[in-house]
Amino acid sequence: MLPKEKIIVGLEVGTSKVCAVVGEVLDDGNIMVVGVGQANSEGVRKGEIVNIEATVECIHAAVADAEESAGVEIHNVYASVSGGHIRSFNNRGTVAVTNEDREISEEEVRNVLLNAKAVNIPMDHVVIHAIRQHFFVDGHDGIQNPVGMIGAKLEADVHVIYGVRTRLQNTIKCIKHVPLDVANIAVSGFASALAVLTSEHQQLGAVVVDIGGGTTDYIIYSEGTIQHSGVLAVGGDHITNDVAIGLRIPMNRAETLKIEHGSVAIPPDDEVLTLKREVGLPDRQVSKQQLCRIMNLRVEETLTLVKKELEKHKLMEYLGAGVFITGGCARLQGLEPLAAQIFGLPVHIGHSLTVGGPTSAIESPEYSTAIGLVRYALGSQRDQHQPPSPLRKIGQSFQHLIQKARAFL
């Protein structure tokens with residue numbers, strides 16, 4: 001059995017599935033996926049918990065599956081969160097350099113980051129991430145590390161992601177009931193980006209669109225840093241619902257039809273699909289063209305909403321590496337050409353490029369979030385083993401919320 005300190009587990013509690021990925025930290029500092037576990041999700045709607053008991057059972061099943069797959073015992077996890085309540089914005093902090101020699105110290109760096117992170121958000125919300133972007137010294141931008149530089153004014157930009165405190169605590173509570181400890185959490189879109197984007201992609205500029213069962217998370221990188229992110233409360237379940245309504249069939253039949261015959265590319269010639277009889281229901285014949293048209297409209301609308309966000313924030317021209325689509329819906333037939341038409345950019349169906357392991361896991365877009373959580377955890381652990389630094393807490397702003405959640409359990 002692998003030593004505890006070499007094991008990191010990412011847990012995605014999604015609308016359609018609960019997924020656990022076990023990663024082993026190699027001697028060279030890289031990550032190898034050594035086990036995965038998955039269970040159909042119940043008790044989650046649009047990325048948020050609506051039934052604690054049902055969700056706990058699903059988490060337990062996925063974790064048990066991962067333990068058997070990896071041959072390890074799992075005691076703590078890094079978990080993802082999502083939901084339409086999650087918001088983000090960029091913020092700038094400023095401090096004056098008061099040292100006699102005007103040399104910027106780590107104290108000024110700590111103060112400017114705290115200043116940038118001290119944002120006004122509603123009382124019932126909490127900051128999940130405050131991710132450093134760039135420093136400015138006397139207006140000179142693009143500085144990565146200002147310590148030791150001479151200047152009168154130090155500024156820092158951070159990307160702040162926040163959400164409703166109680167909704168986030170419900171996810172933590174479910175995991176604690178398994179029982180498992182929650183080491184930290186990360187927003188699903190951020191985690192997915194860590195899995196599918198290399199540092200070169202981040203530098204060139206890219207948008208990651210993670211289309212799950214209940215939400216579509218998106219995150220935009222440019223010049224190596226996050227520029228914008230967001231969550232749309234729409235996903236694969238909405239496609240199924242549209243099919244069910246449009247073809248007047250039950251949801252379970254609509255889901256089967258979507259998976260087995262669906263496409264977002266409308267075929268030129270129609271084909272009649274026969275739905276076999278279920279108990280109490282007659283055989284049904286439906287048009288494949290109509291099925292694909294319904295799916296096409298919903299996916300086109302979703303991707304167009306993401307594009308409008310990019311245009312609103314004037315980011316379209318900075319996406320040199322293009323669009324990376326991941327999540328369970330990335331498997332939809334015809335998605336790549338449709339997305340290329342909408343965005344007018346190169347489109348890639350994103351799978352994990354930043355870890356090693358079984359092809360079946362790292363090339364499956366539905367595992368991107370859980371794998372990204374392992375990458376996020378590795379970065380957090382590296383920070384913890386560094387000498388004390390004022391920068392270390394910036395990526396760990398959610399720890400106090402986890403501690404408060406534990407107090408209620």
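May I ask you to verify whether Ala195 is of a type outside the set (Val, Ile, Thr), assigned to a helix (DSSP H, G or I), surrounded by 22 or more Cβ atoms within 10 Å (Cβ to Cβ) and modelled with pLDDT of 90 or more?
On the way: of a type outside the set (Val, Ile, Thr): yes; assigned to a helix (DSSP H, G or I): yes; surrounded by 22 or more Cβ atoms within 10 Å (Cβ to Cβ): yes; modelled with pLDDT of 90 or more: yes.
Spelling it out, Ala195 is indeed of a type outside the set (Val, Ile, Thr), assigned to a helix (DSSP H, G or I), surrounded by 22 or more Cβ atoms within 10 Å (Cβ to Cβ) and modelled with pLDDT of 90 or more.
Any chance you could count how many residues in the range 198-228 are out of contact with any Phe, Trp or Tyr (no Cβ under 6 Å at 6 or more places or on another chain), surrounded by fewer than 24 Cβ atoms within 10 Å (Cβ to Cβ) and over 20 Å from Thr302 (Cβ atoms)?
11
Among the residues of the range 114-131, how many are buried (at least 16 other Cβ atoms within 10 Å of the Cβ) and either farther than 26 Å from Gln169 by Cβ or more than 24 Å from the chain's Cα centre (by Cα) (or both)? Explain how you work it out, then say what you get.
Here is the first cut: in the range 114-131, the ones buried (at least 16 other Cβ atoms within 10 Å of the Cβ) are 114-117, 125-131.
With the extra rule that they be either farther than 26 Å from Gln169 by Cβ or more than 24 Å from the chain's Cα centre (by Cα) (or both), the set shrinks to 114-115.
Selection size over the range 114-131: 2.
Here are the criteria: (1) over 10 Å from the mean Cα position of the chain (by Cα); (2) at pLDDT 95 or above; (3) not hydroxyl-bearing (Ser, Thr, Tyr). Tell me which single one Phe190 does not satisfy.
Evaluating Phe190 over (1) over 10 Å from the mean Cα position of the chain (by Cα); (2) at pLDDT 95 or above; (3) not hydroxyl-bearing (Ser, Thr, Tyr) leaves (1) as the failure.
Taking the range 183-192 as the search range and keeping residues that are hydrophobic (A, V, I, L, M, F, W, C) and closer than 15 Å to Ala130 by Cα, which one is surrounded by the most Cβ atoms within 10 Å (Cβ to Cβ)?
As a first pass, look at the range 183-192 and keep what is hydrophobic (A, V, I, L, M, F, W, C): 183, 185-187, 190-191.
Now restrict to residues that are closer than 15 Å to Ala130 by Cα: 185-187, 190-191.
Working: Ile185: 25, Ala186: 26, Val187: 28, Phe190: 26, Ala191: 31.
Only one residue fits best here, namely Ala191.
For Val158, which of the numbered conditions (1) assigned by TED's automatic domain parsing to the domain that holds Arg132; (2) aliphatic (A, V, I, L, M); (3) over 16 Å from His129 (Cα atoms) fails to hold?
(3)
When you go through (1) in a strand (DSSP E or B); (2) of a type outside the set (S, T, N, Q); (3) in the same structural domain as Ile150 (by TED's automatic domain parsing) one by one for Glu108, which number turns out not to apply?
(1)
Is it true that some residue in the range 135-154 is aromatic (Phe, Trp, Tyr), part of a strand (DSSP E or B) and either in contact with a Lys or Arg (Cβ under 7 Å, 6 or more places away or on another chain) or buried (at least 17 other Cβ atoms within 10 Å of the Cβ) (or both)?
In the first step, residues of the range 135-154 are kept if they are aromatic (Phe, Trp, Tyr); the result is 135-136.
From the residues that got through so far, the ones that are part of a strand (DSSP E or B) too are 135-136.
Keeping just the survivors that are either in contact with a Lys or Arg (Cβ under 7 Å, 6 or more places away or on another chain) or buried (at least 17 other Cβ atoms within 10 Å of the Cβ) (or both) gives 135-136.
Among the residues of the range 135-154, at least one is aromatic (Phe, Trp, Tyr), part of a strand (DSSP E or B) and either in contact with a Lys or Arg (Cβ under 7 Å, 6 or more places away or on another chain) or buried (at least 17 other Cβ atoms within 10 Å of the Cβ) (or both), which makes the answer yes.
Only one of these is without any contact (Cβ under 8 Å) to a residue 60 or more places away in the chain and surrounded by 19 or more Cβ atoms within 10 Å (Cβ to Cβ): Met295, Met316. Name it.
Details: Met316 fails: surrounded by 19 or more Cβ atoms within 10 Å (Cβ to Cβ).
Criteria check complete, one pass: Met295.
Taking strands (runs of 3 or more DSSP E) that fall entirely within the range 1-97, which contain at least 1 residues that are among the hydroxyl-bearing types (Ser, Thr, Tyr), within 21 Å of the chain's Cα centre (by Cα) and farther than 20 Å from Cys174 by Cα?
On the way: elements: 7-13, 17-25, 31-40, 76-81, 87-96.
Those strands (runs of 3 or more DSSP E) span 87-96.
Are any residues in the range 69-99 surrounded by fewer than 18 Cβ atoms within 10 Å (Cβ to Cβ) and either within 17 Å of Gly10 (Cβ to Cβ) or without any contact (Cβ under 8 Å) to a residue 24 or more places away in the chain (or both), and if so, which ones?
Hits for the range 69-99 are Glu73, His75, Asn76, Thr98, Asn99.
Using the structure shown, decide if Lys258 is without any contact (Cβ under 8 Å) to a residue 60 or more places away in the chain, under 27 Å from Ile59 (Cα atoms) and basic (Lys, Arg). Steps first, please.
Details: without any contact (Cβ under 8 Å) to a residue 60 or more places away in the chain: yes; under 27 Å from Ile59 (Cα atoms): yes; basic (Lys, Arg): yes.
Spelling it out, Lys258 is indeed without any contact (Cβ under 8 Å) to a residue 60 or more places away in the chain, under 27 Å from Ile59 (Cα atoms) and basic (Lys, Arg).
Give the residue that is nearest to the chain's Cα centre (by Cα), with candidates limited to residues of the range 328-381 that are charged (D, E, K, R), surrounded by fewer than 21 Cβ atoms within 10 Å (Cβ to Cβ) and assigned to a helix (DSSP H, G or I).
Arg331
May I ask you to verify whether Glu336 is of a type in the set (Asp, Glu), closer than 30 Å to Gly10 by Cβ and without any contact (Cβ under 8 Å) to a residue 40 or more places away in the chain? It would help to see each step written out before you state the result.
Working: of a type in the set (Asp, Glu): yes; closer than 30 Å to Gly10 by Cβ: yes; without any contact (Cβ under 8 Å) to a residue 40 or more places away in the chain: yes.
Spelling it out, Glu336 is indeed of a type in the set (Asp, Glu), closer than 30 Å to Gly10 by Cβ and without any contact (Cβ under 8 Å) to a residue 40 or more places away in the chain.
I'd like to check something: does the range 272-285 contain any residue that is surrounded by fewer than 17 Cβ atoms within 10 Å (Cβ to Cβ), in contact with a Leu (Cβ under 6 Å, 6 or more places away or on another chain) and assigned to a strand (DSSP E or B)?
Looking for residues that are surrounded by fewer than 17 Cβ atoms within 10 Å (Cβ to Cβ), in contact with a Leu (Cβ under 6 Å, 6 or more places away or on another chain) and assigned to a strand (DSSP E or B), one finds at least one in the range 272-285, hence yes.
Considering only the range 58-72, state which residues are within 10 Å of Val21 (Cα to Cα) and either modelled with pLDDT under 95 or touching a helix residue (DSSP H, G or I) at 6+ places or on another chain (Cβ under 8 Å) (or both).
Scanning the range 58-72 gives Ser69, Ala70.
The values are calculated or read from the model by the stated rules, or taken from the named source; none is laboratory data. The structure displayed is predicted, hence computed values, not measured ones. Here the Cβ is made from the backbone with ideal geometry for all residues, glycine too, and neighbour counts use every protein chain on show.
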